[in-house]
Structures are given as C-alpha cells and as structure tokens.
Number of protein chains: 2
Amino acid sequence: MTTGSAPRRVTIADVADRAGVSTAAVSKVLRGAYGVSPGMRAKVREAMDELGYRPHAAARAMRGRTYTLGVMLSDTRNPFFPDIIEGVTGRLGGTEYQVLLGPGGDEPRSQARMTDAMIDRSMDGIILISPVMSSAELAAIATTTPIVVIGRHGGAAEYDSVVDDDIVGARLVVDHLADLGHRRIAHITHLDRGRASGADSPQAVRAEGYRQAMRARGLAEGIDVVATSFTEEGGYEGARQLLARPARPTAIFAGADVAALGVLRAAYEAGLSVPGDLSVAGYDNIGIASLKPISLTSVDQDGHVIGATAARLLIERIEGRGRSVLSSVSPTLVVRGTTGPPAGRE
Amino acid sequence: MTTGSAPRRVTIADVADRAGVSTAAVSKVLRGAYGVSPGMRAKVREAMDELGYRPHAAARAMRGRTYTLGVMLSDTRNPFFPDIIEGVTGRLGGTEYQVLLGPGGDEPRSQARMTDAMIDRSMDGIILISPVMSSAELAAIATTTPIVVIGRHGGAAEYDSVVDDDIVGARLVVDHLADLGHRRIAHITHLDRGRASGADSPQAVRAEGYRQAMRARGLAEGIDVVATSFTEEGGYEGARQLLARPARPTAIFAGADVAALGVLRAAYEAGLSVPGDLSVAGYDNIGIASLKPISLTSVDQDGHVIGATAARLLIERIEGRGRSVLSSVSPTLVVRGTTGPPAGRE
DNA sequence: CTAACAATGGAGAACGTTCTACGAAACATG
DNA sequence: CATGTTTCGTAGAACGTTCTCCATTGTTAG
C-alpha cells in the first residue's frame with residue numbers, strides 16, 4: 001500500500017473520450033480558442049469536471065505556455081520579500097498563473113544559475129528582485145524570456161523595471177528631520193564591493209537623494225556620509241564614527257533599518273538618549289521597526305504595490321507589449337519614536 | 001531589437017549532429033546510462049560544451065524526471081524559513097536538483113492548490129512546511145509524488161516527516177527557569193481554530209512538553225497555560241491575563257518568539273523589569289531575538305539541519321526507499337538577557 | 001570454423017499538450 | 001440551384017526528451 005503505484009493522470013484524451021469529441025476540441029475549450037459551439041463547450045466542461053481533469057503543465061510547456069511565473073530572490077532573509085511576494089500573488093489571484101520562487105543566493109553565479117533553471121523549466125516570465133548582474137546579462141536573459149527587474153534604477157530597453165523612488169524616500173527623511181530643527185543630519189550608506197550594480201543600486205540613489213535634499217534645505221555644510229554596510233554591525237560601526245566627530249550630528253539617517261538598529265545600539269552605549277540627544281531614522285520599515293521597544297522612524301516602501309506592479313508589467317510583456325516601462329513607486333515616511341527635535345540649538 | 005525573436009534552444013539533436021551520433025546516444029550520455037563507449041562519451045560531452053547545451057526540463061518531464069523539488073511554504077513571513085531553505089539548498093548543492101518555493105498561504109485550500117500546481121509541473125518531490133491539511137489529504141498527495149512533511153508530529157506510513165523535538169525544547173526552557181529558582185512558570189500557547197492539525201501541531205506538543213517538564217520538576221501546581229495566539233498581540237494579551245493573576249507568575253514561557261515580544265511589551269507597560277520582576281523566554285530564536293535591545297532567551301530549532309534532513313529524506317524517497325521515516329531534530333536553548341533569578345523568594 | 005554472447009550504437013515510439021491545416025456541414029447570396 | 005462564406009469539428013504534426021527494443025559488431029568458447 002505504501003508503494004501504491006500512482007494512478008495514471010487524467011489527460012485530455014480521457015476527457016475527449018468521455019465527452020465524445022476529439023482531443024483537438026478539448027484543447028480548444030481549454031484555451032478558449034475560436035470555433036467551439038456552446039453545446040460542445042458544455043459537454044467538454046462537464047467531462048472535465050467529472051474526471052477532475054487538470055492540465056499537465058510540463059506537456060503544455062512543449063508547445064505553448066506553462067502559466068508559471070518565476071521570482072528570483074536574491075536574499076531570502078530580506079524582510080520585505082514577503083510583501084513583494086504577496087503583492088505578486090495577490091495580483092495574479094484571479095488568473096491561471098502560478099508563482100514559484102527561486103532562491104538565487106547573493107552570488108552573481110548562483111543567481112544566473114537559478115535564472116537559467118527557470119528558463120529551462122519554460123517559465124512564461126521572470127521577476128528578478130535586486131539581481132546582482134550587469135545590465136548586459138539582464139538584457140541577454142530578456143531575449144529568451146520576458147523579465148521584470150525590481151530594485152534597480154536606470155531601467156533598460158529590453159525589460160521592465162519597478163523601483164522604489166529612493167530619491168523621494170531620502171528627501172522625506174531629511175525634510176522630516178529638518179522640519180524638527182536638525183541641521184547636522186548624517187547618513188550611513190552601504191559600500192558596494194565593486195559589484196556590477198554601481199549608481200543603479202538603491203543605496204547609491206538614497207545617498208544621492210540625501211545630498212540633494214540637504215542642499216535643497218540649505219544644509220549643504222551638514223552633509224556627512226559614512227559608508228559601511230547595511231547590517232546591524234555596519235550601522236553600529238558607522239554611528240561610532242559619526243558620534244566621534246568634533247561636532248557630532250544631531251540626527252542619523254541610516255539607509256536601511258538593520259543599520260539603524262546598530263545605530264541605536266551605538267547611541268545606547270554612548271549614553272545618548274533617543275530621540276533626546278540623537279534622532280535616528282531608517283529605511284525599509286521592516287517588521288520590528290514598529291515594535292514598541294524599537295519604534296523606529298522609517299521609510300516604508302510598500303512592497304505590496306511594488307510586487308503587484310511587477311506582476312502587472314510582466315503579464316503585459318507576456319501578452320505582447322514591446323515598449324519598455326520603468327515604474328517608480330513612491331515611498332512614505334512612518335514617523336515613530338526615534339525622531340524628535342534636537343536637544344540644544346546652537 | 002527589443003522584440004528580437006528568441007534564438008532557438010540548443011537541443012539534444014543539435015548536440016547529436018555536432019558529435020556525429022544519434023540523439024539516443026546523447027541521451028544515454030546525459031543520463032549516464034549503460035552502453036556508451038568512453039570515446040563516444042567524450043565526443044558528446046565536447047559537443048555539449050561547445051554548444052552550451054542545457055537540458056529542457058519540461059521535455060524531460062514528459063518521460064523521466066524534472067530534477068525539480070518543490071517546497072510549499074505555509075507562511076512566507078515565518079522567520080525561520082530562510083534557514084530551512086538554506087538547509088535544503090545546501091544539501092542539494094552538488095546535485096542536479098533545483099529547488100523552487102511555492103507560497104501556499106495559510107488556507108488549506110490555497111495550500112492544496114499550490115501542491116497541485118507543483119504536481120502538475122511534474123516536480124520529482126515536494127517538501128511541505130507546516131501544512132494545514134489532514135493526514136488523509138497528505139497521504140493522498142503522497143500517492144502521486146514523494147513528499148516530506150516538516151513540522152507535523154505523529155508521522156505517517158505514506159511519507160517522511162521531520163520535526164523539531166518540541167517536548168525537549170519545552171523542557172529545556174522549564175529546566176532553565178526552574179534552575180534559576182522559578183516555581184510559577186506560565187506558558188502561552190496558540191489556540192487552534194479547529195484546524196485539522198490537532199495534537200500534531202508544534203504548539204500542542206510544546207504545551208504538553210511544558211506540562212511534562214513542570215511535573216518532572218515537581219512544579220505541577222505552578223502549571224498555568226493561557227491559549228491566545230502566536231502573534232505579538234496574542235503574547236501581549238496572554239501576558240496581561242497572566243499578570244493579573246492573584247499570585248502572578250515569575251516567569252513566562254511563550255511558545256513562540258513573536259508572542260514573547262508581546263509579553264515584553266505587557267511587562268514594560270505594567271512597569272515590571274525584565275528579568276528582575278519577570279523572566280521571559282520564547283521559542284524559535286528568530287533573528288531579532290539576538291538583537292541587543294531585545295536579547296530574548298529562546299529555543300533554537302536549527303532550521304538548517306531540519307532543511308538538510310528533509311532534503312536528504314526526499315532524495316532517498318525519490319531514489320526508491322519505501323519504508324517511512326520520522327526524523328526528530330533536537331533543539332538547543334539560547335540563554336540571553338530576558339531570563340534571570342526571580343526577585344523575591346516566598 | 002561456427003555458435004553464443006557481450007558490447008556498442010541507433011530507430012522510433014511514447015509522453016500530453018498546442019495549433020495549423022483541412023473537410024464537412026450550414027447558411028447566405030445571386 | 002449553383003456558388004461563396006461562415007462555423008464547427010477533426011487529423012495529425014510538432015515540441016525535446018527518455019527508453020525499449022533491435023542491428024551490428026567484436027570476442028570467446030567449443
């Protein structure tokens with residue numbers, strides 16, 4: 001019984017037999033193709049229901065679509081992936097498409113391997129989240145299968161892109177802090193280890209947005225950027241450097257929440273009260289940011305909208321749109337307990 | 001250029017042409033089948049390399065394997081999924097197998113839908129993480145495709161199971177707290193809304209382990225279980241109830257870290273110091289548990305080992321093992337700052 | 001020297017769909 | 001009533017593999 005041989009699958013031929021029509025007819029009904037009388041459609045539908053027919057995706061793949069979309073994840077631990085995924089699946093809810101996720105790792109090679117694997121499995125389209133590849137490589141993939149890239153600024157003619165508007169996000173933070181009265185607002189960014197992303201990367205754009213916003217508020221002299229990494233440790237390290245400045249900043253804008261957590265630890269160790277002595281803001285609005293003991297002011301990316309947009313663009317591509325699209329999603333600022341007016345004006 | 005028609009795939013026939021042999025021969029080399037001379041093997045290998053041949057998984061699926069394993073995720077937000085995934089992919093590193101993740105949602109229906117989708121895509125095997133289905137449904141799936149179930153106690157003849165030993169985990173916490181001198185140790189568990197899991201669920205086993213351990217330490221009178229839910233809110237609510245007891249507990253063991261976070265909030269609001277007035281322990285050892293401002297004592301499940309074990313069992317099943325296996329992975333206790341000796345003995 | 005057998009390679013039929021032709025009605029038009 | 005023109009339905013060839021035979025060699029035994 002344990003080794004019960006699997007019962008043969010119900011195929012299109014079984015349905016055809018049952019309904020007393022040809023397999024071609026069943027296929028037509030299945031695809032909603034032209035040339036089917038209402039009577040036949042009903043007969044076939046009934047037969048399919050009775051037999052519990054489900055199309056065999058692999059067989060479909062041999063000729064037409066698989067109705068499968070792939071999402072290449074560059075980092076499974078990234079806390080807003082779930083939101084993006086939810087956005088994607090939510091958007092695809094009514095359709096026949098299924099979403100499968102591929103853990104691509106953080107290496108260009110492993111990501112390429114995963115992307116190849118998805119192509120080999122005849123996926124109809126692929127969404128790549130923050131891929132670490134050159135634009136040329138992405139373009140090459142796009143010649144084989146429609147793709148949408150999330151999280152890379154710049155865009156390209158060969159594929160669609162969805163990005164968070166990091167310029168706006170950075171400005172929201174700077175404006176908020178400046179409105180509170182801060183003048184020396186420092187920024188912690190992530191140092192790219194010579195990867196192929198460059199100025200397209202979110203961290204680079206956030207840093208640029210920070211600089212622009214500071215200048216726009218007439219705080220050009222207050223500009224102070226430290227490049228460590230987007231980790232708890234990186235935030236801690238960056239904050240230690242900043243807090244050792246002769247005129248230390250009254251506010252630190254970390255380019256990522258994880259780094260902001262490190263900043264909080266550094267502040268705590270330095271005996272600085274938050275937000276009394278130091279205001280701290282992050283980016284990404286990860287889950288713990290809202291937790292009481294943290295209560296971190298942060299920029300929210302609305303991964304839901306990003307995911308849904310990516311799904312929409314991908315479907316459009318698959319259905320034939322040629323023109324390339326770059327969609328920019330506006331972030332919002334969530335003000336919480338780690339930001340407030342600076343203690344003493346000078 | 002944008003609409004460059006995709007270049008035709010390199011097929012087994014192209015390789016055969018190039019090497020001057022038949023497609024059957026190429027297939028044999030590919031599968032490592034019997035009846036291939038070293039000379040031919042070399043020729044074919046060379047042709048494959050030159051042409052950059054990659055097998056078409058969908059075509060393979062029509063006859064043999066797809067070398068694709070599915071992992072059904074019941075909750076993408078679950079913080080130890082990444083560990084499990086890493087364990088799975090790590091184990092499969094050297095092999096030809098690829099892992100694809102399917103977000104199954106938390107509804108039995110949507111999970112069944114995802115599982116069906118994986119079967120329809122001819123996956124060679126499926127790992128189900130904490131599925132919300134009856135054992136009968138799981139057994140039915142297992143007749144079609146080999147499966148391994150993670151996180152369901154009890155096991156079954158039709159499939160393999162990998163579980164965290166929640167009895168041991170609960171005992172580790174109770175022993176730790178009892179060693180510190182606590183006598184009134186309360187437990188917060190998750191109330192199952194009549195789902196088909198029952199006594200198999202981790203929360204039920206953890207609660208049972210808690211009771212067993214309390215009795216073993218002669219603390220039977222101190223047993224106090226509150227059933228809310230494994231969320232921040234549920235932990236908060238449960239703690240409020242417990243702290244309102246005439247003789248309030250000196251320690252709370254939350255069945256999940258997220259709930260423990262809620263307990264911490266309730267303690268904070270009640271003006272109780274942790275661990276001075278109240279010790280708190282969780283389960284799962286999620287990422288933020290180790291963060292300084294939280295520093296939560298918790299039980300670590302080693303998702304890595306769980307994932308790797310599941311992958312191993314699944315491969316064994318696919319290769320033909322008939323006998324069913326239930327593998328239990330022992331958790332470890334990570335002691336951090338939220339547990340300490342009780343303030344005043346009475 | 002022949003029979004038996006192992007080793008090697010290839011022909012060709014699946015597998016479950018899609019989709020292009022094409023035929024046979026049914027209907028409209030003159 | 002002959003002749004288009006739709007509309008409906010079917011044959012059958014793909015698609016890229018796997019894998020079961022079968023044919024052709026050598027090789028060995030008697």
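The values are calculated or read from the model by the stated rules, or taken from the named source; none is laboratory data. Because the structure is a prediction, the values reported are computed rather than measured. In this analysis, Cβ positions are derived from the backbone assuming ideal geometry, glycine residues included, and neighbour counts consider all displayed protein chains. Ligands, DNA and RNA are excluded from the accessible area calculation, which covers all protein heavy atoms including side chains. Shrake-Rupley method; radii C 1.70, N 1.55, O 1.52, S 1.80 Å.
Per residue of B:98-110, how many C-beta atoms from partner chains lie within 10 Å of its own C-beta, taken as a mean?
4
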So which lysines pass the test for residue A:292, namely a Cα distance under 17 Å, with those fewer than 8 places away in the same chain ruled out? B:292
How far, in degrees from 0 to 90, does helix A:232-243 lean away from the longest principal axis of the Cα atoms of chain A, to the nearest 10? 20
Provide B:210, B:53 ordered by accessible surface of protein heavy atoms (probe 1.4 Å), highest first. B:53, B:210
Rounded to the nearest 20 debye, dipole of the protein assembly as shown from Cβ charges on Lys, Arg, Asp, Glu: 1380
Whole-Hz ³J(HN,Hα) for each residue in the range A:170-184, computed from phi via Karplus 6.51 cos²θ - 1.76 cosθ + 1.60 with θ = phi - 60°, x for glycine and proline: what do you get? 5, 5, 4, 5, 4, 4, 4, 5, 5, 4, 6, x, 6, 10, 9
What does the copy distance list look like for residue A:244, label position 7 Å along Cα→Cβ, in nm and ordered from shortest? 5.2
Per residue solvent-accessible surface (Å²) - the range A:12-55, probe of 1.4 Å: 59
Accessible area drop of at least 30 Å² (1.4 Å probe, protein heavy atoms): which residues of the range A:41-79 qualify, relative to the chain alone? A:54, A:56, A:57, A:58, A:62, A:76, A:77
Would you please report the Å³ per residue occupied by the convex hull of the alpha carbon atoms in the range A:12-55? 57
Exercise: per-residue mean of other protein chain Cβ atoms within 10 Å, A:286-295: 5
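So what is the relative contact order for chain B, in percent, with contacts set as C-alpha pairs under 8 Å and at least six apart?
For chain B, the relative contact order is 17 percent.
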Relative contact order of the range B:12-55, defined on C-alpha pairs under 8 angstrom at six or more residues apart (%): 44
Just the number, please: buried accessible area between A and B, total of both chains, 1.4 angstrom probe, nearest 100 square angstrom. 4200
With r as the distance between the Cβ atoms of residue B:24 and residue A:323 and R0 = 56 Å, compute the FRET efficiency 1/(1 + (r/R0)^6) and round to 0.05. 0.80
Which order, highest average first, do B:16-23, A:321-328, B:171-178, B:273-280 follow once you tally other Cβ atoms within 10 Å for each residue and take the mean per peptide? B:171-178, B:273-280, B:16-23, A:321-328
Once phi is turned into ³J(HN,Hα) by the Karplus curve 6.51 cos²θ - 1.76 cosθ + 1.60 with θ = phi - 60°, what whole-Hz value does each residue of the range A:64-78 show in order, with x for glycine and proline? x, 8, 10, 6, 10, 10, x, 10, 8, 9, 8, 7, 4, 7, 4
When a/c reaches 1.5 or more, the comparison of a/b and b/c decides; with that in mind, is the protein assembly as shown rounded, prolate or oblate per its Cα gyration tensor? oblate
Ignore the peptide's own chain and count Cβ atoms of other chains within 10 Å of each Cβ in B:119-125; give me the average, rounded. 6
Expressed as a whole percentage, what fraction of the accessible surface of the range A:129-196 belongs to carbon and sulfur atoms when a 1.4 Å probe is rolled over the protein heavy atoms? 53
Which of the lysines could a cross-linker bridge to residue B:28, judged by Cα under 27 Å and excluding same-chain residues fewer than eight apart? B:43
